[in-house]
There are 2 protein chains.
Amino acid sequence: MARDEHGTAELVRSGQGQDCENERNGRQAGGMRIMLVVKIGGSEGIEHELIADDLAELVRKGERLIVVHGGSALTNRVAEQLGHPPEFVTSVSGFSSRRTDRRTLEIFEMVYCGQVNKGLVERLQRRGVNAIGLAGLDGRIWQGPRKDAIKIVRNGRRMVLRDDYTGKVEKVNASLLVSLLDAGYLPVLTPPAISYEGEASNVDGDRAAAATAVALGAEALVILSNVPGLLERFPDESSLIRNIPSGRIEKFLEVAADRMKKKVMGAQEALAQGVGRVVFADGRVERPIRRALEGEGTVIGG
Amino acid sequence: MARDEHGTAELVRSGQGQDCENERNGRQAGGMRIMLVVKIGGSEGIEHELIADDLAELVRKGERLIVVHGGSALTNRVAEQLGHPPEFVTSVSGFSSRRTDRRTLEIFEMVYCGQVNKGLVERLQRRGVNAIGLAGLDGRIWQGPRKDAIKIVRNGRRMVLRDDYTGKVEKVNASLLVSLLDAGYLPVLTPPAISYEGEASNVDGDRAAAATAVALGAEALVILSNVPGLLERFPDESSLIRNIPSGRIEKFLEVAADRMKKKVMGAQEALAQGVGRVVFADGRVERPIRRALEGEGTVIGG
């Protein structure tokens, strides 16, 4: 695989329209071809301008890229402004997630698919990158079951929520994404996903990015947030965990805090299904993606 | 051209992947192939559920369709709620348009590309139609100049606005749209468009739909709003103008009110560049598109 001095891999293009069958799932055809999925978190402080600079540079080098982004913090602000403040619920297994009733879903789509997605597409277009913004429900890019009954714990009591639009990604429309990549576009993806019944559903962005990386046979998944990587003592940035070798993930999960556990579980799933490595890295710095590929942040697997 | 009892034309599919060169601009290849562009207005009262029913039925019949939509009324409401109320300016040539500063553009994208676009995509997906929602800036679908200085009249005085994000569509990425249609997707398009410099720009939805119909060689352009068509005495619905033959458009423009003039000028442009007919029709009724194709509303050309 051809690598330049920054440690990023370069795309060697195969003949136009040839090797279609091999390209169908994005894996390398005749020539070497790598694929990178970049997830941009939705927390405060992440620098979209710096990320767009880096993405544009990678595209110029011929890198084959898919971007996935969130929009959580801005959704919270807009929901407050629109008089429908955010609510977070805790599942019986201890994970926290956004309560997504119909009105929340509308606000969620306004922010994720509207302001954030088109903002990123415009930033990339200004840099000459032909980005194309899509939600997971467009073209059934991210499909899976909607959890029509969510068991939660509220004030110590178990409850069932039935009007929630939350789900997970089981299938990725890799064929659409590969067609867009082959035609020279940079797909910029965001939740919601779509249920098998055709309903929009809020899904975890990190897990959706991992599923996308798996479906496309990505060499690397870079997850950018507003901290330098996984932190042993969140939010103490000096407690950065530099790497977790594949063989030690299980042991690590035993001691990890809930917040970190969910992220590492996503990484574990991606690695188990063929993604080369997962890097949790800082989205507030210059060249954030290339730094991550050089090993800054928390490298899992690889 | 094969037509069913409802007066809609049916698609005769050519072989998969064949006739690529002829398909490039969407015009008929070996088999007869028609193309329909449907514009859904953004005023109050338009029934998205009924429109989605009709679109799904047309897709089941094999119709080749592209949807374009607005979101003006909802944008006004959300802009009020977010404390950045809408403002409309009048150009020196007498046309009214939305003042689109940066903050308005964000709100515009939230509503058009977020809530309305994804709401329509979900409605279509629930009906089994594989819709894919895109803004004009995605993949540079609608490209043109941004008007970096807008001459307006305010309180009787001429002024120049310089920080406005308004533009027009000069180029349509027909190749992307045709690829999506050929792969079985229904594109659902919405402003903003993109400037040649890569900036998002607010464009008139009717004119963008007309440009799309021209670029794809559409047989018909149906423009749905919350009135039965063009009205001689707006908003008196009994004053519906039933048709304007191509030869009489010029004469008609001399007497038309400003609001109607802009719409008819768009239709005139479309007809002059090869679109078969333009129908202004009611978006509040059952089977709105098929009714329009049967001649209900205002038929221009054809």
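Bear in mind these aren't lab numbers, they're just calculated from the coordinates by the rules spelled out. Note that the structure is a prediction, hence the values are computed from the model and not measured. When we count neighbours, we look across all protein chains shown, and the Cβ atoms used for this are built from the backbone with ideal geometry, even at glycine.
Could you please state, rounded to a whole Å, how far the C-alpha centre of segment B:107-153 is from the C-alpha centre of segment A:53-113?
If we compute the Cα centre of each part, the gap is 19 Å.
What are the nm distances, shortest first, from B:ARG162 to its equivalents in the other copies, labels at 7 Å along Cα→Cβ?
6.1
Taking a label point 7 Å from Cα toward Cβ, how far is A:GLU87 from its twins in the other copies, in nm, shortest first?
3.9
What are the residues whose amide H is under 5 Å from the amide H of A:ILE244, where those residues sit 5 or more places off or on another chain and H is modelled from the backbone?
A:VAL299, A:ILE300, A:GLY301
Averaged over its residues, how many other protein chain Cβ atoms are within 10 Å of peptide B:198-207's Cβ atoms?
2
Find the eigenvalues of the gyration tensor of the Cα atoms of segment A:32-301, then list the square roots of 5 times those eigenvalues as equivalent ellipsoid semi-axes, largest first, in whole angstrom.
So the equivalent ellipsoid measures 27, 23, 18 Å along its semi-axes.
I'd like the Karplus ³J(HN,Hα) series for segment B:194-203: coefficients 6.51, -1.76, 1.60, θ = phi - 60°, whole numbers in Hz, and an x wherever there's a Gly or Pro.
After applying 6.51 cos²θ - 1.76 cosθ + 1.60, I find 10, 7, 4, 8, x, 8, 5, 9, 5, 10 Hz.
Mind checking which of A:GLY167, A:GLY205, A:ASN117 is farthest towards the positive end of segment A:32-301's charge dipole, using Cβ charges of +1 (Lys, Arg) and -1 (Asp, Glu) about the Cα centre?
A:GLY167
According to a simple spin-label model (label point 7 Å from Cα along Cα-to-Cβ), what is the distance in nm between A:ALA73 and A:GLU87?
That separation, rounded to one decimal, is 2.5 nm.
Please work out which residue of chain A brings its Cβ closest to the axis of the rotation superposing A onto B, and round that distance to whole Å.
Smallest Cβ distance to the axis, with its residue: A:GLY114, 1.
Report ³J(HN,Hα) in whole Hz for each residue of segment B:282-295, in order, from the Karplus equation J = 6.51 cos²θ - 1.76 cosθ + 1.60 where θ = phi - 60°; Gly and Pro get x.
For segment B:282-295, the Karplus curve yields 7, x, 10, 10, 5, 6, x, 6, 5, 4, 4, 5, 7, x Hz.
Please give the charge dipole size of segment B:63-199, origin at the Cα centre, charges +1 on K and R Cβ atoms and -1 on D and E Cβ atoms. Round to the nearest 20 debye.
Charge dipole, segment B:63-199, about its Cα centre: 400 debye, nearest 20.
Give the average, rounded to an integer, of partner chain Cβ atoms located within 10 angstrom of each Cβ in B:135-144.
Across B:135-144, the average partner-chain Cβ count within 10 Å equals 5.
Select from A:ARG158, A:ARG123, A:ARG77 the residue whose mean-square fluctuation is largest in a Gaussian network model of chain A (Cα-Cα springs shorter than 10 Å).
Comparing A:ARG158, A:ARG123, A:ARG77 in the GNM, the peak value goes to A:ARG158.
Please give the charge dipole size of chain A, origin at the Cα centre, charges +1 on K and R Cβ atoms and -1 on D and E Cβ atoms. Round to the nearest 20 debye.
About 640 debye.
What is the distance in Å between the Cα centres of segment A:270-296 and segment B:223-249?
With segment A:270-296 and segment B:223-249 each reduced to a Cα centre, they are spaced 58 Å.
Whole-Hz Karplus ³J(HN,Hα) for segment A:115-130, in order, using 6.51 cos²θ - 1.76 cosθ + 1.60 and θ = phi - 60°, x for Gly and Pro?
Result, rounded to whole Hz: 4, 6, 4, 6, x, 5, 4, 5, 4, 6, 4, 4, 8, x, 8, 7.
Assume the label is 7 Å from Cα along Cα to beta carbon: what separations in nm does B:GLU44 have to the matching positions in the other copies?
3.7
Would you please put A:258-267, B:185-194, A:41-50 in order of how densely packed they are, using the mean number of other Cβ atoms within 10 angstrom per residue and starting with the highest?
Result, highest mean Cβ count within 10 Å first: B:185-194, A:258-267, A:41-50.
Picking from B:LEU271, B:LEU180, A:PRO228, whose Cα lies most toward the positive end of the charge dipole for the protein assembly as shown (charges on Cβ: Lys, Arg +1; Asp, Glu -1)?
Towards the positive end, the residue furthest out is A:PRO228.
Among A:ASP206, A:ASP236, A:ASP163, which one shows the biggest mean-square fluctuation in a GNM of chain A, springs joining Cα atoms closer than 10 Å?
A:ASP236
Under 27 Å between alpha carbons, and skipping anything fewer than 8 positions from B:LYS39 in its own chain: which lysines qualify?
Filter leaves A:LYS118, B:LYS61, B:LYS118, B:LYS147, B:LYS168, B:LYS171, B:LYS251, B:LYS261, B:LYS262, B:LYS263.
Suppose we look only past 37 Å in the calculated P(r) of the protein assembly as shown. What percent of the Cα-Cα pairs does that tail hold?
Pairs farther apart than 37 Å: 35 percent.
Please list the equivalent ellipsoid semi-axes of segment B:63-199, computed as the square roots of five times the alpha-carbon gyration tensor eigenvalues, in descending order and whole angstrom.
30, 18, 11
Taking square-rooted eigenvalues a ≥ b ≥ c of the alpha carbon gyration tensor, is segment A:227-302 rounded, prolate or oblate, where a/c under 1.5 means rounded and, failing that, a/b exceeding b/c means prolate?
oblate
Using modelled backbone amide H atoms (1.01 Å from N, in-plane), which distant-in-sequence or interchain residues come within less than 5 Å of A:LEU186's amide H?
The answer is A:ASN130, A:ALA131, A:ILE132.
Search the structure for amide H atoms under 5 Å from the amide H of A:ARG99, placed 1.01 Å from N in the peptide plane, and list their residues when 5 or more places away or on another chain.
Residues meeting the criterion, in which the H sits 1.01 Å from N, are A:GLU87, A:PHE88, A:VAL89.
In terms of Cα to Cα distance under 16 Å, which aspartates and glutamates are near enough to A:LYS151, apart from those fewer than 8 places away along the same chain?
A:GLU87, A:ASP101, A:ASP163, A:ASP164
How high is the FRET efficiency from B:ALA272 to B:GLU237, r the C-beta distance, R0 25 Å, rounded to 0.05?
So, using R0 = 25 Å, E works out to roughly 0.30.
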